[in-house]
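The values are calculated or read from the model by the stated rules, or taken from the named source; none is laboratory data. Quick caveat: nothing in here was measured; it's all calculated off a predicted structure. Every residue, glycine among them, receives a Cβ derived from its backbone with ideal geometry; neighbour counts consider all protein chains shown. To get the accessible areas, we keep the full protein, side chains included, count just its heavy atoms, and leave off ligands, DNA and RNA. Shrake-Rupley method; radii C 1.70, N 1.55, O 1.52, S 1.80 Å.
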Amino acid sequence: MKKNWLLIAVGLIVAVLAIAAIACGDDDDGDGNGNGDGNGIETPSDGNGTGNTHEQTLSDVLARGRLNCGVNDGVPGFGFLEADGTSSGFDVDFCRALAAAIFGDSELVDYVILTAAARFEALAGGEIDVLIRNTTWTLSRDAELNASFATTTFYDGQGMMVRVADGFDSIDDMEGTTICSLQGTTTELNLADRFEAGGLSYEGLTFEDNGPLEAAFTAEACQGWTSDQSQLAARRSAYPEADGGPESLLIFPEVFSKEPLGPVTRDDDSQWFDIVNWVVIGMITADEKGITSANLADFVADPGEVETSRLLGLPIEGTVFDSTLGIDPDFMQDVIAQVGNYGELYEKHIEPLGIPREGSLNASWLDGGLIYAPPWR
Amino acid sequence: MATIVRTSPTPILRRARRWAKDNLFGSVGNTLLTVVTSAILGFVLYQILRFVFITAEWEVIETNRRLLFIGRFPAGEEWRFWPTIFVASALAGLTWGLWSRLEWQAAMILAAALVPVFAFFAHGELALLTAAAVALAVLGYGLAQLWLTGSGYSAAARQLVMVGWVITFPLTIFMLLAFGGVDPSLWGGFYLNILLAVVGIVVSFPLGVLLALGRTSSYPVLRVASTAYIELIRGVPLITILLMTWLVLPIFLPSIAVPVLAPEGLDDMELTYRVMVALVLFSAAYVAEAVRGGLQAVPRGQIEAAQALGMGTFSVLAFIILPQALRAVIPALVGQFISLFKDTSLIFIVGSTDLLKAGRAITQGQIEFSSQEKEVLLFVALVFWVVAFSMSRLSQRLERTMGVGER
C-alpha cells in the first residue's frame, strides 16, 4: 500500500514538471529591443486566429471581414489607448491604412494588444495578420522567427537625455555617471557598448517601467536617461513644469543604435507581405507627390503625372494599371482619403511628441532623410 | 444653570477625558508613546491629504473613466451594462432592506461617497443613468423596510430576491452577447474584474464543495482523483495556469463545439472564456480545502445521530453535514473569494485590459498623463479596496446572521 502512494506521488511530480516544461518553453522568445515598452509579459487575446497561414492570409482576412492587427497599448504617439478605449497612434494608423486598402473601410480592424514578449508568437500562431508594434528589424528576427519586415515606417535609435543643469554636452563627458534605462537586453547592451567604446565607466540603473524611472531621474538618482530617441522626446515633452519642464532636459543628437521600425508579417505568405509593403510604400509615394487626404479629389480629377495615375488606380489611355496584389487597383485612394499619406501621419502623431520631421532620418529622401519609395510601376 | 455647566463638564466630555487618561496618558512611557505616535500619524496623514487634495492632478481619472471601468468596450454598446446595473441596484437595495437595516452613520457615509462619484464620473446622460441606479437602490430599500419587513410577505420576498440574484448573472452575460454581441476580447476595465470574480465565485463554489466531498469520500477512486486535482492546482501559481490557458490548453483540447462557450470547438475557445475556466478551476481547489476543514469540524456524533434517525446518505449530507460545515468556514471562504477577486487583475498577462492594466496603459501611452502614475495607482487601489472591504463586511454580516461562534 505504501509503495502505491509513493508511485502516485512520483507520477504527480513528473506530470507537474512536464507541464512546467511546456509552459516555460513558450516563454523563451527572442525579445529584447530598446523600444521603450515597459510592459511585463503579456499575451494576446484570441483574435479568432486560424492557425494555418500559408499563402492565404488575404483570403482569411477577406473571409473574416476584419483585419487582426497586433499593436502596442503603452507607447505614446505610436500605439496607445485613448480615453474612449480605442487604439490610436502612428503604428495603429498603418493598421487602418491596411484595412482601407483591403476592405475600403479603415474601421474594419480588430486590435490585438501585445507585449514585446508575446508578439512574434501571436504572429506565428495566426492570432494576428500583421504586427505593427514598434518592432525593430534585425537579422535574427527576420531569419529565425519566420517574420518578414516590410518597409521601415520609422527610423529610431537609442539616445541619451540629461539635465541641462548638469552641464554635459555629449556622452563622452559622462565618465563615472549613473545611467537609468528600462530593463531590456538591447537597451542595456547598446549602452554598455557605447560607454566601452568611449573608454568610460558608468553605473546602470534599470527599471521595469517608465514611471519609477522618471521618478528616479527627477530625484537625481541618475545623471542620464537612455532609451529610444522617440520615447525620450515624448517623455521630455511631458516633463512636469514642477520638475523644471521640457527646457530643463537635453537630448544629445548622438544616436548609438539603429532601430528601424516597421510592419511585420509571417514570411510564408509573399502575397500578403506585398500588400502590407506596398500600402506603406504607397503612403510614402503619396507623401513625395504631395497627395494628401485634403487634396486627393484634385489629383483624382487631374492626376498630371502617369505614376500618380498608377498610384491612384486611374485609367491611363483607357486601361487601369493592375498591381496584381489581389486587391482593388484604386486601393490607395481609400488609404489616402481615410487615413492620409506618410507625412500626414507623422505630423499627426509624431510631431506632437516634440520630434520634428525636418532634418531627421524620417524626412523624405528629397529633403535628405531616409524615407524613400521604390517606383510605382 | 450656567454654574453647573462650568463646574461639571457634560458626561461625554468627562468620559472622553477619563478614557484618554486611562489609555493614552496612563504613565510617562505611555504619554511619550502617544505623543510620538500621533506625531508620526499626523505627519503621514498630512502628507496623504496634501497629495490627495493639493498635489495630485485627478484629471487623468476623470478623462479616462471610461477606459478604467469598461476598457476597450466599443462605443455605442454601453447600453448593454445598464439593465444589469439597474437590476443589481434594485436587488442590492431590497437585500439590504430585507436582511438588515441601514444605520444612519452608514447612510451618511454612503451618501458622502456618492458625492465624488457624481462629481467625477457622472456627466450628462451618465448622471441620469447613475441617478436612476441609485434611486432604484433607495426604492428597493424603502420598499423592503416600509412594507415587506415584518409583514407576512417577508419570507416570500427574500426568496424572490435570491432568485433575482441568481438570474442577474445570466442576464449580464445575455446582455453582453445578445443582439449582435460584443467580442469578449473587448470586454475590459473594472467590469471585467467584477465579471471574472463573479463567475469564479459562483461556479467554483459548488465545484469546490464537490471536490471537498470527493476528498473525504470513502471511495478510493473519488478520493485519489479529488486529492490529485486539488494538490496539482494548489501547487501551480495562478500566473502559470493563466499562461497555460493561452499557450497549452488549445493543444490539448478537442475541437468539440460547446454552445455559447466555444461554438468553434474547445480548442478555439475565446481567450476570455478560457481565462474564466482557469479562474474557476484554480479557485475550486482552494474552496475545496476550506470546505474540507468545515467537514472535519462536524462532530462524528451528528452523522451517527442522523443515521440513527433513518436518514439516507444524501439527506445526512444536505441537511446535517453541509449546513454546519459551510457555516463554519464562511470566513475562510470569503477570504478565498476576496483573494480571487484581487487575482483577476492578473489577466493582464493574457492581454485583457482590466482596471489595473488600463491604468498602466494610461500612464504609459497617454503622454499628457505620463506623470500621473501615483494618482492612477491610488485610484485603482481604492476601487479594489472598496469592493474587497464590502465583501469582508458582507461576510461578517453573514456570520452574525448564521450565528457562527455562538453555537
Checklist entry - Only one of A:Ser106, A:Ser181 is hydroxyl-bearing (Ser, Thr, Tyr) and under 25 Å from B:Val182 (Cα atoms); which? => result A:Ser106
Checklist entry - Regarding A:Gly244, is this residue on the phi > 0 side of the Ramachandran plot, touching a strand residue (DSSP E or B) at 6+ places or on another chain (Cβ under 9 Å) and not β-branched (Val, Ile, Thr)? => result yes
Item to check | Residue count, segment A:336-368 (criterion: in contact with a Leu (Cβ under 6 Å, 6 or more places away or on another chain) and either closer than 23 Å to A:Pro246 by Cβ or assigned by TED's automatic domain parsing to the domain that holds A:Gly245 (or both)) | outcome: 1
Next on the checklist: For segment A:78-97, give me the residue count where each residue is part of a loop (DSSP other than H, G, I, E, B) and more than 7 Å from chain B (Cβ to nearest Cβ).
Outcome noted: 4
Next on the checklist: When you scan segment B:101-110, do you find a residue that is part of a helix (DSSP H, G or I), closer than 29 Å to B:Leu176 by Cβ, modelled with pLDDT of 80 or more and out of contact with any Lys or Arg (no Cβ under 7 Å at 6 or more places or on another chain), even just one?
Outcome noted: yes
Item to check | Criterion violated by B:Lys374 - all others in (1) more than 20 Å from B:Asn193 (Cβ to Cβ); (2) open to solvent by less than 30 Å² (accessible area, probe 1.4 Å); (3) in contact with a Phe, Trp or Tyr (Cβ under 9 Å, 6 or more places away or on another chain) satisfied | outcome: (2)
Checklist outcome for this item: Screening A:Ala234, A:Ala242, A:Ala221 for residues that are open to solvent by 20 Å² or more (accessible area, probe 1.4 Å) and at pLDDT below 90 leaves only A:Ala242
Next on the checklist: Step by step: first the residues of segment B:212-229, then only those that are within 32 Å of the chain's Cα centre (by Cα) and not in a helix (DSSP H, G or I), then the one that is surrounded by the most Cβ atoms within 10 Å (Cβ to Cβ). Which residue is that?
Outcome noted: B:Thr216
Checklist entry - Taking segment A:168-189, which residues are open to solvent by less than 50 Å² (accessible area, probe 1.4 Å) and assigned to a loop (DSSP other than H, G, I, E, B)? => result A:Phe168, A:Ser170, A:Met174, A:Gly184
Checklist entry - With (1) modelled with pLDDT of 95 or more; (2) within 18 Å of A:Leu312 (Cα to Cα); (3) surrounded by 18 or more Cβ atoms within 10 Å (Cβ to Cβ) as the list, and A:Trp376 as the residue in question, which single condition is left unmet? => result (1)
Item to check | B:Ser217, sole failed condition from (1) in contact (Cβ under 8 Å) with a residue 12 or more places away in the chain; (2) more than 14 Å from chain A (Cβ to nearest Cβ) | outcome: (1)
Checklist entry - Which residues, taken from segment A:256-285, are surrounded by 18 or more Cβ atoms within 10 Å (Cβ to Cβ) and closer than 30 Å to A:Gly224 by Cα? => result A:Phe256, A:Ser257, A:Glu259, A:Pro260, A:Leu261, A:Gly262
Next on the checklist: Suppose we keep only residues that are under 14 Å from A:Val279 (Cα atoms) and either touching a Gly at 6+ places or on another chain (Cβ under 7 Å) or β-branched (Val, Ile, Thr) (or both) within segment A:308-327. Which one would you say is most open to solvent (accessible area, probe 1.4 Å)?
Outcome noted: A:Thr324
Item to check | Verdict on A:Gly126 being surrounded by fewer than 24 Cβ atoms within 10 Å (Cβ to Cβ) and more than 14 Å from every other protein chain (Cβ to nearest Cβ) | outcome: no
Checklist outcome for this item: Picking from B:Ala75, B:Ala39, the residue that is of a type in the set (A, V, I, L, M, F, W, C), free of Cβ contacts under 8 Å to residues at least 40 places away in the same chain and facing another protein chain (nearest Cβ under 9 Å) would be B:Ala75
Checklist outcome for this item: Matching residues in segment A:190-216 (in contact (Cβ under 8 Å) with a residue 12 or more places away in the chain and open to solvent by 40 Å² or more (accessible area, probe 1.4 Å)) number 8
Checklist entry - Looking at B:Val383, B:Val350, which one is within 13 Å of chain A (Cβ to nearest Cβ), over 26 Å from B:Val291 (Cα atoms) and either within 20 Å of the chain's Cα centre (by Cα) or in contact (Cβ under 8 Å) with a residue 40 or more places away in the chain (or both)? => result B:Val350
Next on the checklist: Checking B:Glu57 against (1) in a helix (DSSP H, G or I); (2) within 13 Å of chain A (Cβ to nearest Cβ), only one condition comes out false. Which one?
Outcome noted: (1)
Checklist entry - Of these, A:Asp267, A:Asp274, which one is more than 21 Å from A:Pro352 (Cβ to Cβ), in contact with a strand residue (DSSP E or B) (Cβ under 7 Å, 6 or more places away or on another chain) and among the charged types (D, E, K, R)? => result A:Asp267
Next on the checklist: Out of the residues in segment A:98-116 meeting the condition of being farther than 18 Å from B:Arg66 by Cβ and either facing chain B (nearest Cβ under 10 Å) or in a strand (DSSP E or B) (or both), tell me which one is modelled with the highest pLDDT.
Outcome noted: A:Val109
Checklist entry - From the set of residues in segment B:263-320 that are of a type in the set (D, E, K, R) and more than 30 Å from B:Ser352 (Cα to Cα), which is nearest to the other protein chains (Cβ to nearest Cβ)? => result B:Arg292
Next on the checklist: If a residue must be among the hydrophobic types (A, V, I, L, M, F, W, C), under 19 Å from A:Leu261 (Cβ atoms) and in contact with an Asp or Glu (Cβ under 9 Å, 6 or more places away or on another chain), how many such residues does segment A:98-126 contain?
Outcome noted: 9
Checklist entry - Which of the residues belonging to segment A:349-372 are surrounded by fewer than 16 Cβ atoms within 10 Å (Cβ to Cβ) and more than 14 Å from every other protein chain (Cβ to nearest Cβ)? => result A:Pro356, A:Glu358, A:Gly359, A:Trp365, A:Leu366, A:Asp367, A:Gly368, A:Leu370, A:Tyr372
Item to check | Yes/no for B:Thr344 being more than 7 Å from chain A (Cβ to nearest Cβ), among the hydroxyl-bearing types (Ser, Thr, Tyr) and buried (at least 22 other Cβ atoms within 10 Å of the Cβ) | outcome: yes
Checklist entry - For segment B:258-269, does any single residue satisfy the condition of being without any contact (Cβ under 8 Å) to a residue 12 or more places away in the chain, crowded, with 18+ Cβ neighbours inside 10 Å and out of contact with any strand residue (DSSP E or B) (no Cβ under 7 Å at 6 or more places or on another chain)? => result yes
Checklist entry - When you go through A:Ala234, A:Ala221 one by one, which is the residue that is more than 30 Å from A:Arg377 (Cβ to Cβ), within 14 Å of another protein chain (Cβ to nearest Cβ) and either among the small types (Gly, Ala, Ser) or assigned to a helix (DSSP H, G or I) (or both)? => result A:Ala234
